[in-house]
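Asker: Structure provided below as structure tokens; questions to follow.
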Amino acid sequence: MKQSLFTVAENRPLAKDVWQMTLRGDTSAITAPGQFINIKLAGHFLRRPISVCDWNDESVTIIYKVLGKGTDEMTRMTEGTVLDILTGLGNGFDTAKCGDKTLLIGGGVGVPPMYGTAKRLLSEGKHPIAVLGFNSKCDVFYEEEFRALGVETRVVTVDGSYGQKGFVSEALGEGYDYFCACGPVAMLKAVSDASTSDGLLSFEERMGCGFGACVGCTCKTKYGNKRICKDGPVLTKEEVVW
């Protein structure tokens, strides 16, 4: 974990209530796709944990959904705004466990960490397949970005207004040898139940500190309770107790 100052380089809307922000600063603590950052906002006691979508040596890109006062304030941050951020939080996806054809399953704001994971798998010579789930056509984002990487991409919407109708758990298909998933708990359970493959599950959870001190974001596993912010957010399918 590292605390440092970042400067907003870009902040723009992507879909309904969904925004993309690029921040310039020291990203050396970010080492794996699926990790998250924790942003300090003026006037708010708790930081806002946001998953990492993409990063390089100079900047990190996040995608966030407007859910309350904090994230609403973030939409009005302009280029040059300076933010105090903790980076390198969470364990991220261990891509060494992934097979050649790994399904990358993202639901809503669970999609962003799948993008960084796709880039990592491609760099390892693997051939990931993306399954992106949304409620409706107006919520869809990053489909073209995945396709631009050369990744086979399936889009699923609950109401059927775009792509396949239904849930991501109904669009897994065949021919894959592992999966990585991020999204709401109900989605993760449905995917875990529907897939006969081993996989990694990244949990979305409300957090206090974001680095394991407050023990406010625990998940029950076969090995005892684990802290989503510190021991996760990525857990293996086989260890989770639903």
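Asker: Can you tell me which of 125, 99 is touching a Ser or Thr at 6+ places or on another chain (Cβ under 9 Å), of a type in the set (Gly, Ala, Ser), in a loop (DSSP other than H, G, I, E, B) and surrounded by fewer than 23 Cβ atoms within 10 Å (Cβ to Cβ)?
Answerer: 99
Asker: Same structure, new question: Hey, any hits in segment 167-182 for a residue that's touching a residue at least 60 places away in the same chain (Cβ under 8 Å), in a strand (DSSP E or B), assigned by TED's automatic domain parsing to the domain that holds residue 133 and within 27 Å of residue 2 (Cβ to Cβ)?
Answerer: yes
Asker: Any idea how many residues of segment 63-88 are out of contact with any helix residue (DSSP H, G or I) (no Cβ under 7 Å at 6 or more places or on another chain), modelled with pLDDT of 95 or more and under 23 Å from residue 114 (Cα atoms)?
Answerer: 7
Asker: So, in segment 10-51, how many residues would count as being in contact with a helix residue (DSSP H, G or I) (Cβ under 6 Å, 6 or more places away or on another chain), modelled with pLDDT under 95 and farther than 25 Å from residue 93 by Cβ?
Answerer: Residues that pass the stated criteria total 1.
Asker: Select from segment 42-82 the residues that are touching a Lys or Arg at 6+ places or on another chain (Cβ under 8 Å) and more than 22 Å from residue 15 (Cβ to Cβ) and write down the one among them that is surrounded by the most Cβ atoms within 10 Å (Cβ to Cβ).
Answerer: Step by step, filter segment 42-82, then rank; the result is 47.
Asker: Another question about this same structure. If I go through segment 77-121 residue by residue, how many of them are among the hydroxyl-bearing types (Ser, Thr, Tyr) and more than 26 Å from residue 156 (Cβ to Cβ)?
Answerer: 3
Asker: So, of the residues in segment 193-209 that are of a type outside the set (Gly, Ala, Ser) and assigned to a strand (DSSP E or B), which turns out to be modelled with the lowest pLDDT?
Answerer: So the residue we want is 203.
Asker: So for segment 169-179 (the condition being buried (at least 20 other Cβ atoms within 10 Å of the Cβ), hydroxyl-bearing (Ser, Thr, Tyr) and touching a Ser or Thr at 6+ places or on another chain (Cβ under 6 Å)), does at least one residue qualify?
Answerer: Yes, segment 169-179 has at least one match.
Asker: Ok, one more. Got a sec? Which of 61, 117, 78 is outside the structural domain of residue 191 (by TED's automatic domain parsing) and either in contact with a Ser or Thr (Cβ under 8 Å, 6 or more places away or on another chain) or without any contact (Cβ under 8 Å) to a residue 24 or more places away in the chain (or both)?
Answerer: The unique qualifying residue is 61.
Asker: For residue 61, state whether it is of a type in the set (S, T, N, Q) and within 23 Å of residue 233 (Cα to Cα).
Answerer: So residue 61 passes the test.
Asker: Can I ask one more? So, residue 117, is that one at pLDDT 95 or above and within 23 Å of residue 133 (Cβ to Cβ) or not?
Answerer: yes
Asker: For segment 36-56, give me the residue count where each residue is farther than 16 Å from residue 77 by Cα, of a type in the set (Gly, Ala, Ser) and part of a loop (DSSP other than H, G, I, E, B).
Answerer: 0
Asker: When you look at residue 151, is it surrounded by 19 or more Cβ atoms within 10 Å (Cβ to Cβ), in contact with a Ser or Thr (Cβ under 7 Å, 6 or more places away or on another chain), touching a residue at least 24 places away in the same chain (Cβ under 8 Å) and closer than 24 Å to residue 62 by Cα, yes or no?
Answerer: No, not satisfied.
Asker: Give segment 73-116 a look and list any residue that's polar (S, T, N, Q) and touching a strand residue (DSSP E or B) at 6+ places or on another chain (Cβ under 6 Å), or say none.
Answerer: Those that are polar (S, T, N, Q) and touching a strand residue (DSSP E or B) at 6+ places or on another chain (Cβ under 6 Å): 75, 81, 87, 91, 102.
Asker: Going by what's in this entry, would residue 190 be described as among the hydrophobic types (A, V, I, L, M, F, W, C), exposed (fewer than 15 other Cβ atoms within 10 Å of the Cβ), outside any loop (DSSP other than H, G, I, E, B) and modelled with pLDDT of 95 or more?
Answerer: no
The values are calculated or read from the model by the stated rules, or taken from the named source; none is laboratory data. A quick note: this is a predicted structure, and the numbers were derived from the prediction, not measured. All Cβ positions, glycine included, derive from the backbone under ideal geometry; neighbour counts span all protein chains shown.
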